[in-house]
1. Is there any pair with a first residue in the stretch 330-348 that is at negative phi and part of a helix (DSSP H, G or I) and a second that is among the hydrophobic types (A, V, I, L, M, F, W, C) and surrounded by 15 or more Cβ atoms within 10 Å (Cβ to Cβ) whose Cβ atoms are under 6 Å apart and which are 6 or more apart or on different chains, and what are they?
2. Check every one of the helices (runs of 4 or more DSSP H) wholly within the stretch 254-295 and list those with 2 or more residues that are farther than 14 Å from V230 by Cα.
3. Please verify whether A284 is under 24 Å from D347 (Cβ atoms), touching a residue at least 40 places away in the same chain (Cβ under 8 Å) and aliphatic (A, V, I, L, M), treating the condition exactly as stated.
4. Looking for whichever is under 30 Å from H117 (Cβ atoms) and surrounded by fewer than 17 Cβ atoms within 10 Å (Cβ to Cβ) here; the options are D337, D275. Which one fits?
5. Taking the options R248, R169, R183, R163, name whichever one is of a type outside the set (G, A, S) and assigned to a loop (DSSP other than H, G, I, E, B).
6. Only residues that are out of contact with any strand residue (DSSP E or B) (no Cβ under 6 Å at 6 or more places or on another chain) and within 18 Å of D476 (Cβ to Cβ): list them for the stretch 497-512, please.
7. Does L127 meet the test of being buried (at least 16 other Cβ atoms within 10 Å of the Cβ), modelled with pLDDT of 95 or more and of a type outside the set (S, T, Y)?
8. Quick check, is L246 within 16 Å of the ligand (Cβ to nearest atom), over 21 Å from the mean Cα position of the chain (by Cα), more than 21 Å from P115 (Cα to Cα) and modelled with pLDDT of 95 or more?
Amino acid sequence: MRILVFNAGSSSLKFGLYDIAGTETLRVKGGFDRFHDGSCDLKLTVDGAHHRLRAPHGDLAAAIAAVPGILAAQGIDGINAIGHRIAHGGALFDKPAVLDTSTLARVEQLTPLAPLHNPANLAGVALARQVWPDLPQVGVFDTSFHLSAPEFSTTYAVPQAWRDAGLRRFGFHGTSHKYVGLRAAEVIGQPLDRLQIVSCHLGNGASVCAINRGRSMDSSMGLTPLEGLVMGTRSGDVDPGAFGFLSRRLGLTIEEIESALYTDSGLKALTGSPDMRDAEDRAAQGDTAAQLAIEIYAYRARKYIGAYAAAMGGIDALVFTGGIGENSASMRRRICDGLEFMGVTLDIDRNQRVDLADRAAPELQSWGSRVRVIVTETQEQLQIARETATALAVMRPARLVLPVAVSARHVHLCQEHVEALFGPGATLTPEFPLRQPGNFAAHQKVTIEGPKGALHQVRILGPTRSRTQIEVSRTDTFALGVEAPVRLSGDLDATPKIRLKGPAGSIETDGLIIAARHIHMHPDDAERWGVADREEVEVRVTGTGRGMTFSGVIVRVQPTAFTEMHIDTDEANAAGISGGAEGALITAD
Ligand code: ADP
């Protein structure tokens, strides 16, 4: 698929042309800026060669209209789709969306959340629709990746009326963090959903993201791109009490304070220049203001990295990207120095010799470092092209119906724990078989005991497994008084500990999870329906009092599976299901 990507700003336009089909090839990329008196600066990269010229395009409309000619000059035609970067998707867009009239109306409603960025992005969409009226146009949102973050990381502790008005944390740079996470996973050679990564995007705008097993769990930017790190011209974290203080002390208005926090703060306020290269040069010449700015910058970044490592219970990799993350060996060094306590040890020579040509993503940790330190160029346009291609991938036909079963809280035990709870030599006694072949509900039951309370008479499911696993609902976690992550069965690393009590003894074990909603699927059904192992699908549950659509349902293709979807009791209650129901896989046609 040949995809043209646009990132339209208020006074600039970037574009890239990608062929995405198994391999990913950048054919041409370019940027127009400094529109003035009917002309602009144009940078073009073709076959790895860079060109700069002053071009006769006076505004965004003229720049977009010039793109077909630029592509034709390279012998490129036959574009299949256009992908647009859209800054803010609010809580509405958790994935890319085809930009038809009704979607565009919904994006427009989000303008108050991103008054500077969304209107420029939408102007780009409107102009591209004029130039290519017959091509599908897809919006890829900077915020979507972060919509997976749990409520406790996205909720501000402010009055309900403010939250009802939409005040919450979103996070930005999502496309970059996702790309960087995927690239790091490639380098490490493990799937992203097995890794805990802190991604540091350090450019003019800067943010840190906690990528917990493939999903954004937290990001340093919040409602707006102001929160978090020190940036080129943005302040990052400031006590919100500053508004009252500055209004009383200096008589400033809200608009004046807000504008200064966006455009006259950060490195610019601390050093006089928004550019890290200037700060580093001046600091080296003895400028104490620049020295302090660099220390503040590194300290803030290090604090966030430590916080996110704690939030995820440890990390496998720390990844740097963005102009500063990619190019400043000394800033990477300052940020990593002091993180040895959590397993980050930088190799000084490797850090000094970074070469990112040909999409390289070198590792900078020293031998024996528990955590990998990786640098990679961010490729937001490539990620937008990928997501545009995925959004438009051939839609599946036919309505696919499968049974939905409700899993009450239960426990899987390893043999050692069976004996610890029920006495030496004890084995599980089957009481009745379950629908998944070979599985049974055991006669024996246990008590799960947490710091707040206990759940009694909890069913054990057999046969025994290599590792004990306790599956509860979110409501149960409050009854127990512990937090539990949403995980697929068997994915038990870094899960909380809990006490189990049986008639012969008690044990403390990790393995407490809220089971991710999933479908056990026989390979024949997977093939018939065109879904793959670990793919996430949507299922509309029908035949119940209320009806409900579940998204993010993970397909598990297993050779002996009886095809069936499993949800927990909270999910069943929300959908008004008791016993069982039917679900239909939703296809986009
Ligand atoms: P944007 O967020 O606008 O895409 P970039 O990712 O290009 O910005 O990052 C720009 C920042 O990177 C600037 O602060 C610039 O000074 C910094 N930078 C670029 N090269 C270097 C370098 N060699 N050393 C230190 N900082 C650098």
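1. Listed by first residue and then by second, the contacts come to M331/I324; R332/F320; R334/A298; I335/A298; I335/A301; C336/V344; C336/L346; M342/A309.
2. Working: elements: 254-263, 266-271, 276-284.
Answer list for the stretch 254-295: 254-263, 276-284.
3. Working: under 24 Å from D347 (Cβ atoms): yes; touching a residue at least 40 places away in the same chain (Cβ under 8 Å): no; aliphatic (A, V, I, L, M): yes.
Judged against the criteria, A284 is not a match.
4. D275
5. Details: R248 fails: assigned to a loop (DSSP other than H, G, I, E, B); R183 fails: assigned to a loop (DSSP other than H, G, I, E, B); R163 fails: assigned to a loop (DSSP other than H, G, I, E, B).
The conditions single out R169.
6. Hits for the stretch 497-512 are T509, D510.
7. Working: buried (at least 16 other Cβ atoms within 10 Å of the Cβ): yes; modelled with pLDDT of 95 or more: yes; of a type outside the set (S, T, Y): yes.
Yes.
8. Numbers: within 16 Å of the ligand (Cβ to nearest atom): no; over 21 Å from the mean Cα position of the chain (by Cα): yes; more than 21 Å from P115 (Cα to Cα): yes; modelled with pLDDT of 95 or more: yes.
No.
The values are calculated or read from the model by the stated rules, or taken from the named source; none is laboratory data. Please read these numbers as outputs of a predicted model, since none were measured by experiment. Positions of Cβ are backbone-derived with ideal geometry, glycine not excepted, and every protein chain shown enters the neighbour counts.
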